[in-house]
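This report concerns only the one structure given below.
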Amino acid sequence: MAEIYTLTVTELKQALADKSLSAKEIWAAFNARIDAADPHIGAFLTRTEQSPPTLEGPLSGIPFAIKDAFCTNGVRTTAGSRILDNFVPPYTATVVERLEQAGMASLGKLSMDEFAMGNANEHCAFGPVCNPQDLARVPGGSSGGSAAAVAAGMAPFALGSDTGGSVRQPAAFCGVVGFKPTYGLLSRYGLIAYASSLDTPGLLTRSVKDAQLLLPVLSGHDRHDSTSLAEAPAPARSVKGLRVGLPKEYFGEGVAQEVKVAVLRAAQTLRDLGAEVSDCSLPMTKYALPVYYLLACAEASSNLARYDGVRYGMRAEGADWSDMMTKTRTTYFGEEVKRRIMLGTFVLSAGYYDAYYLKAQKGRTLIRAEFDRAFEAYDLLLTPTSPVTAWERGSITDPISAYAADICTVSVNLGGLSAASIPCGRDSLGLPVGAQLIGNRMSDNTVLAAAAALEEAIGWDYTPVCGGKA
Ligand code: GLN
């Protein structure tokens, strides 16, 4: 039999049902894998000492791991920031609670870019994460620890969060599945806020089927989140006859040739499966990055105002309250977070609000309207998840180049849409390329059904790796 840590959620569920494995064996196998692989990868910030899990439910005995952006009652939660170094939440995020109610048990909390700001996991205050495919490279971000943990077989499933690509892009870099549901489908209650109008909990798995199994467990209205939706997503449509658009703006300048080739091959595979694939255009894409970064930073400056040294986390002493607050925020926020707070505060300030924040809101409306029109003609859009494959750690240091790498993912959040990234090939260095399927709001089941069909046709080898080796 295959090593236990190589099994997917679906396979573990089957093995538990037919009693070929016990919860105790599974728990021990994943913890042993973490002991062996994580010293090379650095995905876990906190491990949950609890064995074996005893929770009852349909998924009882299946372990998972959690991006450190989700609050866990009694378990340290840092959001990758020194300002929350000592924060132990008194409550649990709804999505975590739902998994626990289904019987799943947490192996621990995973590394991330500080407050989910980044795409390389190099802005975590507690150190970087190495990509299991190639330890010299970044795992992507901001859910880099989640993608790396799943890619290395340290957890069969991890929760991530996606504000502008943070589930899909690391999934693409590490060669796993990343799913960002429609905004509002999964509760944000207990997810440490970055940009509330864009933040979405998401899933990282080693099979689309696992995401299909877990989505209904995670979704549903939550009275603690006023933006959470009451309705269920629409039923899945079959791939046959599905109209799939290839927006040309996602295959243009800055997109690596090998990425284009792999994604266009996936387009051909969809055609072979009976989809009607054709070229289309989304001209508003050129505004996506400035609109996203203006709005995300504006919301962040407001959300992060709560870290004042009084109510949460760390405090640096000062002569008076103002001095204390300044010293606390100066000492305990990282450089990237401070850059974004300043940028966000600037674009919201009197005199600049209309020119930047309001204008960005109008841009967002135009981008949403363009998607609405596109989804009249198409059921899904197919694009690269990232213009490039995983880069070497330390190689991108200027913020603008880093932000530019988010070009394929941010519009999806501006539209509140549903999207999945699945591995569709490798570049000449052997690094995974992600294909992104985008669907309209509430078409999550169709996105996943098409991703599952594509995944099966591609036949990707998800065998967990550490340094590229099984
Ligand atoms: N890289 C983007 C940013 O830094 C997206 C991050 C995210 O989705 N949390 O804002």
Give me the extension gain from LEU366 to SER395: residue separation times 0.36 nm, minus the current Cα-Cα distance, reported in nm with one decimal.
7.0 nm
Probe 1.4 Å, heavy atoms of protein chains only: per residue, the accessible area of the chain in Å² is 37 Å²
Measuring from its Cα centre, region 258-370 shows a charge dipole (+1 at each Lys and Arg Cβ, -1 at each Asp and Glu Cβ) which, in debye to the nearest 20, is 80 debye
With N residues in the chain, Rg(alpha-carbon) / (2.2 N^0.38 Å) equals 0.91
What is the distance, in nm, between label points placed 7 Å from the Cα along the Cα-to-Cβ direction at GLU253 and at ASP461?
3.9 nm
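Per 0.36 nm of contour for each residue apart, how much would the distance between ARG243 and LYS359 grow if the chain were fully extended, relative to their Cα-Cα spacing?
Extra length available between ARG243 and LYS359 comes to 38.5 nm.
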Distance in nm between LEU429 and ASN73 label points, each 7 Å along Cα→Cβ, equals 4.5 nm
Relative to the compact globular guide of 2.2 N^0.38 Å, what is the alpha carbon radius of gyration of region 235-334, as a ratio?
1.89
Report in % the part of the accessible area of region 353-415 that belongs to carbon and sulfur, leaving out ligands and nucleic acids; probe 1.4 Å.
55 percent
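By how many nm would the segment from THR227 to THR330 lengthen if fully extended, with 0.36 nm per residue of separation less the alpha-carbon distance?
That works out to 33.8 nm of additional length.
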Quick numbers on region 151-283, Rg and Dmax over C-alpha atoms in Å, give 16.6, 46
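Note down the Stokes-Einstein diffusion coefficient of region 1-115 in µm²/s, whole number, using a Kirkwood radius over alpha carbon pairs, 20 °C, and 1.002 mPa s. Don't skip to the end; give the middle numbers.
Details: Rh = 14.8 Å.
This corresponds to a translational diffusion coefficient of 145 µm²/s.
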Using a Förster distance of 56 Å, the FRET efficiency for LYS469-ASP323 (Cβ separation, nearest 0.05):
0.60
For region 130-185, the convex hull over Cα atoms projects on average to an area in nm² of 3.5 nm²
Could you check the simple spin-label distance between ALA305 and LYS24, using points 7 Å along Cα→Cβ, in nm with one decimal?
5.4 nm
Tell me which of GLY178, PRO233, THR72 sits at the most positive position along the dipole axis of the chain, charges placed on C-beta atoms (Lys, Arg +1; Asp, Glu -1).
PRO233
Calculate for the chain the 222 nm mean residue ellipticity that helices alone would give, adding -39,500 (n - 2.57) per DSSP H run of length 4 or more and normalising by residue count, nearest 500 deg cm²/dmol.
-11000 deg cm²/dmol
What percentage of the solvent-accessible surface of region 36-161, computed with a 1.4 Å probe over protein heavy atoms, is contributed by carbon and sulfur atoms?
49 percent
Positive dipole terminus of the chain, leading residue within ALA136, THR10, VAL447 (C-beta point charges):
VAL447
Debye, to nearest 20: dipole size of the chain, +1 on Lys, Arg Cβ, -1 on Asp, Glu Cβ:
340 debye
Can you compute the equivalent ellipsoid semi-axes for region 311-418, i.e. the square root of 5 times each eigenvalue of the Cα gyration tensor, sorted largest first and rounded to whole Å?
36, 21, 13
Furthest towards positive pole of dipole, LEU358, LEU295, VAL259, structure part the chain, Cβ charges:
LEU358
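Which percent of the accessible area of region 174-308 is formed by carbon and sulfur heavy atoms (probe 1.4 angstrom)?
Ligands and nucleic acids excluded, carbon and sulfur give 55 percent.
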Largest first and in whole Å, give the semi-axes of region 294-372's equivalent ellipsoid, each being the square root of 5 times a Cα gyration tensor eigenvalue.
32, 13, 9
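The values are calculated or read from the model by the stated rules, or taken from the named source; none is laboratory data. The model shown is predicted, which means the values in this text are computed figures rather than measured ones. Glycine gets a Cβ as well: all are built from the backbone with ideal geometry, and neighbour counts include every protein chain shown. Protein only, heavy atoms only, side chains kept; ligands, DNA and RNA dropped before computing areas. Shrake-Rupley method; radii C 1.70, N 1.55, O 1.52, S 1.80 Å.
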